[in-house]
Amino acid sequence: MLISQFLKRIVLLIVCFYFNGLSASAKGIDLSKTTSPLDISSFVEYYETNNVKLTLRDIQHRQFIAHPQKAIHFGFSDVTRWFKITLYSSKTTNWSFECGNPLIEYFDVFIPNGNNNFNIIKGGCFVAKEKRNYSSNHPIVLFPLLANQPKTLYIKITSQRGFYTKFLVMPEKAQEIKSRSDDRRNWFFDGVQLFGNLLIGIIAFFLLKTNAYSVFAFYSFCISITVLGYHESLGDLFTSNPILSSLINTFPYRLLVVPEIVLTFYILPITTQFPRWIKWYLYFIILATFTLLFAICVDYNWKWIKMNVWNSVLAEITILLLFAYAYYKKIKLEGYFVCSFLFSFLGFLFLQLRLLQVIDFDWIHHIIFLAEMSKIVFFIFLVFHFFKRIQPEKVEAKIPILVNTIADFSDEELIETSNVDKEQNKNNKLNKALKTIKGEHVLSPPDDVFLQRIDEIIENKLSDSTFNIVDLADALNLSAVQLRRKLKTQTNQTTVEYIRNYRLKKAAELLKNRNGNISDVAFQVGFESLSYFTKVFQEFYGKSPSDWLKTH
């Protein structure tokens, strides 16, 4: 075992030397040729203790363990972790030490200043900002290195939360460049989020006036608040107490699973096409989320925090499985909308799995950034798709009889040599159709088998909003003109009217049986626009869907 560890350490040293110009010796890490940020996470040594009161002098002569992992990654516990790293350079320069995680609760850096004394740089999110020895939201410590004089830094971390971070060392000038670059990246990310939320809000308020899109807009807002909390900017709006402020910063993150589940209820027909226990299981997860959050506030302990993370992971995996089941069952879903939703919480799922030490990837934050970028692209496509599909519905709502009666006549009858003749011809056809509707045409007895077959086809395509006259005619092995004429003879309804009325009757039945809210029912019966559904339902039944619910 010792030989294996020794060989692994040697290989890591060789790789780091080859790629980073980094070398290690008995003196420590040689920084002489380092000009950019250097990851030293795999070269630190660590020591764990349950005694938080141990001082630096108590642990200086304890046995530290090598830490060969590429990142500083520890699970949820109440132990205190000490790290040490020895650095030296062939020339006298000022250096910067940086820890990239702003959510570590207590973070102290001990820098030797000669005569076996140390300067203590205190920090962490549980320490008031005015008492921290750095101004950034994550620890950045400046220290000098004299030529060929090694310096051993000690880092003390106490945190109930699981954490993942990296230790970076770089020249002071490189730190200034990196800080400016990080600020530009954060400003860009915040700008993308602001633009994305503004776009989603406009779409939800003016165009897609459905409950599902409104909930998605709220969910996107929750993600923005979560990121704001991660940057330690949310809690300061409510309190100056660092511990309470830190708890407020983590509230959106710990509660994010709730809007995810609520949105899932609006996207998927959970109450109608899924096993009944799924609904109650999701309700239980929501209850458990609030219960665990209350427990964290009352008794701040790593066990409650870890249970909250596992609860969120199980909920998000369940959501993924539900969408996989919907895809397997060929349930009609809005592709752009669903992709944006799933991609947006996938990065947060990876973050939580990394905290639980299930995975260990560096690119998770890139996934979150790409998710925010893709959300804008998805919704731009969604708007175009919406207008493309909503236009035929508007035409059907305004002139269904005109469109279908004119289409009942053969193409040859409508061919004229001029636009004026075409309009005159169409008017003549419409007058003939209106006379027929008034009673000049004698209806033949209805063909029950024919109508039953039509009902079966519409029922199978009930949730498909793109199902139209041509699809129905193809299923019956008829032309669109033949279908219109025969259906008109049997029911005195156009094909569009018959399909729409069937959907409305089914909607009334679902509302009566309380199989979902109005928005759910509208989507279940194939109406993409909630406003259009409400309009035609009012025309058909003489009352709005909400009034129908009250009286049935």
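The values are calculated or read from the model by the stated rules, or taken from the named source; none is laboratory data. What you see is a predicted model, and the numbers here were worked out from it, not measured in a lab. Quick reminder, even Gly has a Cβ in these numbers, built from the backbone with ideal geometry, and neighbours come from all protein chains shown. For accessibility, only protein heavy atoms count, side chains too; no ligands or nucleic acids. Shrake-Rupley method; radii C 1.70, N 1.55, O 1.52, S 1.80 Å.
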Legend entry - Every residue from the range 320-360 that is closer than 25 Å to W304 by Cα and in a helix (DSSP H, G or I): L320, F345, L346, G347, F348, L349, F350, L351, Q352, L353, R354, L355
Inset, instruction - Please identify the pairs in which a residue from the range 29-41 that is outside any loop (DSSP other than H, G, I, E, B) has its Cβ atom under 8 Å from the Cβ atom of a residue that is among the small types (G, A, S), counting only partners at least 6 apart or on another chain. - result: I29/S23; D30/S23; D30/A24; D30/S89; D30/S90; S41/A71
Inset, instruction - Can you run down the residue pairs with Cβ atoms below 9 Å, 6 or more apart or on separate chains, where the first is in the range 299-314 and in contact (Cβ under 8 Å) with a residue 24 or more places away in the chain and the partner is among the hydroxyl-bearing types (S, T, Y) and assigned to a helix (DSSP H, G or I)? - result: I305/T250; N308/T289; N311/T289; S312/Y253; S312/T289
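Going residue by residue through the range 457-465, is there one that turns out to be among the charged types (D, E, K, R), open to solvent by 30 Å² or more (accessible area, probe 1.4 Å) and modelled with pLDDT of 85 or more?
Going residue by residue through the range 457-465, those that are among the charged types (D, E, K, R) are 459, 461, 464.
Pick out the ones that are also open to solvent by 30 Å² or more (accessible area, probe 1.4 Å) and you get 459, 461, 464.
Going one step further and asking which of them are modelled with pLDDT of 85 or more, we end up with 459.
Yes, some residue in the range 457-465 is among the charged types (D, E, K, R), open to solvent by 30 Å² or more (accessible area, probe 1.4 Å) and modelled with pLDDT of 85 or more.
Run down D448, D471, D547 and say which single residue is within 20 Å of K332 (Cβ to Cβ) and either open to solvent by 50 Å² or more (accessible area, probe 1.4 Å) or among the charged types (D, E, K, R) (or both). If you could, list the steps in order and put the result at the bottom.
Numbers: D448 fails: within 20 Å of K332 (Cβ to Cβ); D547 fails: within 20 Å of K332 (Cβ to Cβ).
None of the other options fit; the residue is D471.
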Inset, instruction - Answer yes if at least one residue in the range 200-210 is closer than 24 Å to R254 by Cα and open to solvent by 40 Å² or more (accessible area, probe 1.4 Å), and no otherwise. - result: no
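Table: residues versus (1) surrounded by 14 or more Cβ atoms within 10 Å (Cβ to Cβ); (2) at pLDDT below 90; (3) assigned to a strand (DSSP E or B).
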| site | (1), (2), (3) |
| --- | --- |
| L54 | yes, no, no |
| Q63 | no, no, no |
| Q69 | no, yes, no |
| F76 | yes, no, no |
| R81 | yes, no, yes |
Inset, instruction - Note down all Cβ pairs under 9 Å where the first residue falls in the range 107-132 and is free of Cβ contacts under 8 Å to residues at least 60 places away in the same chain, the second is part of a strand (DSSP E or B) and acidic (D, E), and they're at least six residues apart or on different chains. - result: I120/D108; I121/D108; K122/D108; G123/D108; G124/D108
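Okay, residues lined up against (1) under 29 Å from I368 (Cα atoms); (2) over 35 Å from the mean Cα position of the chain (by Cα); (3) buried (at least 20 other Cβ atoms within 10 Å of the Cβ):
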| site | (1), (2), (3) |
| --- | --- |
| N148 | no, yes, no |
| K166 | yes, no, no |
| Q175 | yes, no, yes |
| R184 | yes, no, no |
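Applying the selection to the range 321-336, what residues are under 15 Å from the mean Cα position of the chain (by Cα) and surrounded by 14 or more Cβ atoms within 10 Å (Cβ to Cβ)? Reasoning before the result, please.
To start, the set of residues in the range 321-336 that are under 15 Å from the mean Cα position of the chain (by Cα) comprises 323, 335-336.
Result: F323, Y336.
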Inset, instruction - Inspect the range 294-304 for any residue being under 23 Å from the mean Cα position of the chain (by Cα) and either over 20 Å from L355 (Cβ atoms) or buried (at least 20 other Cβ atoms within 10 Å of the Cβ) (or both) and give the result as yes or no. - result: no
Inset, instruction - Would you be able to say whether some residue in the range 229-252 is under 17 Å from the mean Cα position of the chain (by Cα), surrounded by fewer than 21 Cβ atoms within 10 Å (Cβ to Cβ) and of a type in the set (G, A, S)? - result: no
Inset, instruction - Filter the range 192-235 down to residues that are more than 29 Å from F126 (Cβ to Cβ), assigned to a helix (DSSP H, G or I) and of a type in the set (V, I, T) and give me whichever is modelled with the highest pLDDT. - result: V215
